[in-house]
Amino acid sequence: MIVAMQEHASEEQIQHVTERLLELGFKVHRTTGAVQTILAGVGTPTAFDVKDFQVLDGVADAHRISSPYKLAGRGFRPEGTVIRFPNGVTVGNKEVVVMAGPCSVESREQIFAAAEKVKAAGAKFLRGGAFKPRSSPYSFQGMGLEGLKLLREVGDATGLLIISEVMEISQIELMMPYVDVFQVGARNMQNFNLLRELGQVRKPVLLKRGIAATIEELLLSAEYILSGGNYEVMLCERGIRTFETYTRNTMDISAIPVIKKLSHLPILGDPSHGVGLRDKVPAMARAAVAAGADGLLIEVHPNPEKAVSDGAQTLYPEQFAKLMQELRVIAFAVERTIE
């Protein structure tokens, strides 16, 4: 950390700031010019808030020179993280992996039909919600345990890996036998108690960016999981809330290359939630792959018009199949693959 003292700050003020840096575990390097003193704190101290230094007497400015996320940062694993599944599928490697399926598990017939279609088109994961966080308490909340059982049944039958959303700590143990990846939704990105518990499990986690979260906040949320010892974390850009109202969210495509630079964790794009409009989803999916996404999360339903949730942003199977063909071309152009 760098602390720039005010011009003509007193020696007493400089010494007080120096002592605070030393208390945190920094080694302090002092440079005193004609009118200003600069204090450089070097080392890896315990957690601290740079704002605490900005308000100290005699301080002109203070800022970090290293990221607050140690485990999620690119420096922790410069080569990048590759998450490997027992069936040979990898996320974070050369292949762009697609996770597709309905927003919610509605019935056995529906989820088997969706799985058949997305697998035929090239998806490696089946997504589907057994527990659904909805803005309205009167909306469909999911099938719960019965939905999980259906997901596991269809996963075993088709060979698709299963990803489903966990909403609270009590659901983790229940879901363990049924899912291959825990999904943490945007509403729970800063549910730190849940993130800590997921750090104790040894199963991959996909962490979605919150609707008003900065990239740094997303990486700090990932840090909670990583600090528990679970290094199999995937991030997901799913759109953020801005002043624009035409689309459901504003999908921040630029977050993909930024996160690739800042972090070693795989980053996926969710164009379905990113825009919330079926006819705009393919364009954003193509853009995400072009920007370097390691995978996509796309909502597909056998009959979106009858979907109990998020039908307006859900692709028809034939649209998804066409999109997959287009994505293969783009992936090849950026030296990636989609099998």
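The values are calculated or read from the model by the stated rules, or taken from the named source; none is laboratory data. As the structure is a computational prediction, the values presented were derived from the model and not from experiment. Here the Cβ positions follow ideal geometry from the backbone for every residue, glycine too, while neighbour counts run over all protein chains shown. In case anyone asks, the SASA skips ligands and DNA or RNA and just uses the protein heavy atoms, side chains included. Shrake-Rupley method; radii C 1.70, N 1.55, O 1.52, S 1.80 Å.
Listed values for region 4-15 are Karplus-derived 3J(HN,Hα) couplings in whole Hz (6.51 cos²θ - 1.76 cosθ + 1.60, θ = phi - 60°), namely 9, 7, 5, 4, 6, 4, 6, 4, 5, 5, 4, 5, and x replaces Gly and Pro.
Applied to region 28-42, the Karplus parametrisation 6.51 cos²θ - 1.76 cosθ + 1.60 on θ = phi - 60° returns per-residue 3J(HN,Hα) values of 9, 10, 9, 10, 10, x, 5, 10, 9, 10, 10, 10, 9, x, 10 Hz, with x for Gly and Pro.
How would you classify the chain from its alpha-carbon gyration tensor, with a ≥ b ≥ c the square roots of the eigenvalues: rounded for a/c under 1.5, else prolate if a/b is greater than b/c, otherwise oblate? Judged from the Cα gyration tensor, the chain comes out prolate (a/c at least 1.5, a/b above b/c). Is region 75-222 best put as rounded, prolate or oblate by its Cα gyration tensor, with a ≥ b ≥ c the root eigenvalues, rounded for a/c under 1.5, and otherwise prolate when a/b is larger than b/c, oblate when not? In terms of gyration-tensor shape, oblate. For trypsin sites (Lys or Arg not before Pro), the sites in region 1-76 that DSSP calls loop and that have at most 11 other Cβ atoms within 10 Å are ARG64. Pull up all non-local amide H partners of LEU297: gap of 5 or more, or a different chain, and H-to-H distance under 5 Å with H placed in the peptide plane. The answer is MET99, GLY269, ASP270. For region 88-104, 3J(HN,Hα) computed residue by residue from phi via the Karplus equation (6.51, -1.76, 1.60; θ = phi - 60°) reads x, 5, 10, 10, x, 9, 5, 6, 8, 9, 10, 10, 9, x, x, 4, 10 Hz, glycine and proline entered as x.
Pairs with C-alpha atoms separated by more than 26 Å, drawn from the list LYS203/LYS322; LYS260/LYS306; LYS119/LYS261; LYS94/LYS124, are LYS203/LYS322; LYS260/LYS306; LYS119/LYS261. Near the amide H of SER263, within less than 5 Å, lie the amide hydrogens of ARG74, all on another chain or at least 5 residues away, with H placed in the peptide plane.
Pairs of Cα atoms nearer than 8 Å and 6+ residues apart set the relative contact order; for region 97-172 it is 35 percent. What does the net charge come to around ARG202 if you take all other residues with beta carbon closer than 15 Å to its beta carbon, with K and R at +1 and D and E at -1? The answer is -1. For region 80-123, the pair-distance distribution built from all alpha carbon pairs, in bins 10 Å wide starting at 0, is 25, 40, 29, 6 percent.
Quick one: order ILE211, ILE65, ILE2 from most to least accessible surface, probe 1.4 Å.
Sorted by accessible area, descending: ILE65, ILE211, ILE2.
Highest mobility in the GNM of the chain, judged by mean-square fluctuation with C-alpha springs under 10 Å and restricted to SER164, SER66, SER254, is found for SER66.
Looking at the chain alone, DSSP beta bridges between its own residues are antiparallel in about 40 percent of cases. Bridging of LYS51 to lysines at a Cα separation below 25 Å is possible for LYS27, LYS70, once same-chain residues fewer than 8 apart are set aside. From most to least packed by mean Cβ count within 10 Å, the peptides 187-200, 119-132 give 119-132, 187-200.
In the chain, the longest principal axis of the Cα atoms and the axis of helix 108-121 are about 70 degrees apart. Highest mean first, the peptides 300-310, 255-265 sorted by other C-beta atoms within 10 Å per residue fall in the order 255-265, 300-310. Using the Cβ-Cβ distance between PHE85 and THR245 with R0 set to 51 Å, the FRET efficiency from 1/(1 + (r/R0)^6) comes to roughly 0.85.
Rounded to the nearest 10 degrees, the angle from helix 281-291 to the longest Cα principal axis of the chain is 50 degrees. Could you tell me whether region 127-197 comes out rounded, prolate or oblate from its Cα gyration tensor? Rule is a ≥ b ≥ c as square roots of the eigenvalues, rounded for a/c under 1.5, then prolate if a/b exceeds b/c, otherwise oblate. Oblate, because a/c is 1.5 or more while a/b does not exceed b/c. In region 204-338, the DSSP beta bridges split such that about 10 percent are antiparallel, to the nearest 5. Counting only alpha carbon atoms, the long axis of helix 145-158 and the longest principal axis of the chain meet at about 70°. Taking amide H as placed 1.01 Å from N in the peptide plane, GLU95 has its amide H under 5 Å from the amide H of THR337, each at least 5 places away in sequence or on another chain.
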